[in-house]
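Notes to accompany the following structure.
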Amino acid sequence: MTDAGARVLIGAASPSVRAELRALLPNAKIVGELASPLDLDAAPGADVLVVDAAFARLVEVLPSLPPPALVVLGADEETFALVRTLRPSGWALLPFDATAEELSAGLASAFVGLAVLPLELADVSLAEVTTLERASGDFVDIEPLTPRERDVLVLLANGDPNKRIAAKLDISENTVKFHLSALYSKLGVSSRAAALREGVRRGLVSV
């Protein structure tokens, strides 16, 4: 699989990371590099945005722009939830130490509208879907969320990481983790992505 001439924009705060990404894509049509998402609106038109996880989490501007296909290096459950919130046209989550071949394959897949996940994240996602399917669409009563838990869920739907949630609510990151743990328990899930899906399904939040 090739990228079929996709225009690629590289994003990372670190110049060395940008250089490494460029080196891993010797045959790609790279149209520019960004140090911050704030520069996206003035960036050259691109089909695929290739970034590290730290860049992807700076999301204040990204949701307001038509998202191109997205490739993120540094896959974890938090980044998985963020990417689903951004709704790119296609996406790939790859390990930070992805090889040139893996990155090229992920880029090509995202460009044609496919989704690529590491096996461990795919297993988590499939397990959660199976759990929801077994419920046959019926809602099981849950313990009501507290006002603060609802606040956290809303910010979770915005794609905010724990640090930004803590700042917006003027609480500590440990307190955010406590509220997330309570949310997971009440919703019967085990990850941010699943909490967001279940919150949407129950009408507790919208994305």
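Can you give me the Cα centroid spacing of the stretch 7-29 and the stretch 145-207 in angstrom?
33 Å
Just grab the label-to-label distance for Arg22 and Arg202, each label 7 Å out from Cα along the Cβ direction, in nm (one decimal).
4.8 nm
Whole-Hz ³J(HN,Hα) for each residue in the stretch 145-159, computed from phi via Karplus 6.51 cos²θ - 1.76 cosθ + 1.60 with θ = phi - 60°, x for glycine and proline: what do you get?
Going residue by residue, I get 6, 6, x, 5, 5, 5, 4, 5, 5, 4, 5, 4, 5, 6, x Hz, with x marking Gly and Pro.
Label points 7 Å out from Cα along the Cβ direction at Asp39 and Lys186: separation in nm?
4.2 nm
Report the FRET efficiency, 1/(1 + (r/R0)^6), for Leu169 and Glu143, where r is their Cβ-Cβ distance and R0 is 22 Å, rounded to 0.05.
E between Leu169 and Glu143, to the nearest 0.05, is 0.60.
So how much slack lies between Phe178 and Val31, counting 0.36 nm per residue of separation and subtracting their Cα-Cα distance, in nm?
Result: 48.6 nm gained on full extension.
When a footprinting reagent is the concern and you count Cβ atoms within 10 Å, what order do Leu25, Leu196, Leu38 take, fewest first?
Leu38, Leu25, Leu196
Laboratory data are not the source of any read-out in this text; all were calculated from the coordinates shown. Nothing here was measured: the structure is a model prediction, and the numbers come from that model. Every residue, glycine among them, receives a Cβ derived from its backbone with ideal geometry; neighbour counts consider all protein chains shown.
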